[in-house]
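A.B. asks: One structure is given below, represented as structure tokens, and several questions about it will come after.
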Amino acid sequence: MTTTVPVTITINGEPRDLAVAPHRTLLDVLRNEAGLTGTKKGCDVGDCGACTVLLDDVPVNSCLVLAVEAAGRNVTTIEGIAPAPDRLHLLQENFMALGASQCGFCTPGIIVMAKALLDQNPDPTEEEIRFGLAGNICRCTGYTKIIEAIQVTARQMAAAGGETA
Ligand code: FES
Ligand code: FES
């Protein structure tokens, strides 16, 4: 029998009481216990960035974080970055509008990482965007449209006074 420990993790603003085995990753608990499958499991060893979430507003590879380490902390997943239930984040709008997503497997992690980047640096250069996404692998797009979608988002956010939608 696997021992579990009770943890409370605030996920997308909602406190969730979960029973997790000490060896379980935050990624697996988000997907399987919390039912949030937007966060993807690519490599499970910290190489691809598909599992990126925000832990207290800092991007992390959730496959490298134990769920127990997130106890008492705030986790934001792709499901939680939109400003309202009926509105997408501008990044999501622009990824759709500009064709920055193909198979889509990398997209949640890249959008979460891009949100963290723009929160820190609202006017990034192309080089800064590429550096910020260095840990997020996309095998489909060639990155050009991803960079463009982030640049367009940055310009729209500046025009809207920092608003994301
Ligand atoms: S699944 Fe976590 S970095 Fe690839
Ligand atoms: S859109 Fe397929 S891996 Fe990025």
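The values are calculated or read from the model by the stated rules, or taken from the named source; none is laboratory data. What you are looking at is a predicted structure, and each value in this text was computed from that prediction instead of being measured. Backbone-built Cβ (ideal geometry, glycine too); neighbour counts: all protein chains shown. Just the protein is used for accessible areas: all its heavy atoms, side chains included, with ligands, DNA and RNA removed. Shrake-Rupley method; radii C 1.70, N 1.55, O 1.52, S 1.80 Å.
A.B. asks: So for the stretch 25-165, taking the charge dipole from beta-carbon charges (+1 Lys/Arg, -1 Asp/Glu), which of A70, H89, G38 sits furthest toward the positive end?
C.D. replies: G38
A.B. asks: If I stretch the segment between A84 and C103 completely, what's the gain in nm (0.36 nm per residue apart, minus their alpha carbon distance), one decimal?
C.D. replies: Full extension from A84 to C103 adds 4.3 nm.
A.B. asks: If you don't mind, another one. Using alpha-carbon positions, what is the distance between the centroids of the stretch 75-117 and the stretch 18-46, in Å?
C.D. replies: Their Cα centres are 19 Å away from one another.
A.B. asks: For the chain, what does the convex hull of the Cα positions come to per residue, in cubic angstrom? Please report the intermediate quantities before stating the final value.
C.D. replies: Values: hull volume 17.8 nm³, N = 165.
Looking at the chain, the number lands at 108 Å³ per residue.
A.B. asks: Given charges of +1 on the Cβ of Lys and Arg and -1 on the Cβ of Asp and Glu, with all other atoms neutral, how large is the dipole of the stretch 33-98 about its Cα centre, in debye to the nearest 20?
C.D. replies: Values: 4 positive and 9 negative charges, 17 e Å.
The calculated dipole for the stretch 33-98 is roughly 80 debye.
A.B. asks: Based solely on its DSSP helices, what 222 nm [θ] is calculated for the chain when runs of n ≥ 4 H residues each add -39,500 (n - 2.57) and the sum is averaged over all residues, nearest 500 deg cm²/dmol?
C.D. replies: Details: 4 runs with 45 residues, N = 165.
-8500 deg cm²/dmol, from helical runs alone.
A.B. asks: While we're here: Tell me, in nm to one decimal, what length is gained between E69 and T2 on full extension, where the rule is 0.36 nm per residue of separation less the Cα-Cα distance? If you can, show how the numbers build up before the last one.
C.D. replies: Working: separation 67, 0.36 × 67 = 24.12 nm, distance 1.81 nm.
22.3 nm is the gain from fully extending E69 to T2.
A.B. asks: For the chain, what % of the accessible area comes from carbon and sulfur atoms, probe 1.4 Å? Please report the intermediate quantities before stating the final value.
C.D. replies: Values: 4280 of 8360 Å².
Looking at the chain in its full context, I get 51 percent from C and S.
A.B. asks: Using the Cα centre as the reference, give the magnitude of the dipole from point charges on the C-beta atoms of the stretch 17-165 (Lys, Arg: +1; Asp, Glu: -1; all else neutral), rounded to the nearest 20 debye. Could the numbers behind the result be given before it?
C.D. replies: Details: 11 positive and 18 negative charges, 78 e Å.
Dipole size: approximately 380 debye.
A.B. asks: Evaluate the charge dipole of the stretch 90-159 about its Cα centre and quote only its size in Debye, nearest 20, assuming +1 on the Cβ of each Lys and Arg and -1 on the Cβ of each Asp and Glu.
C.D. replies: 240 debye
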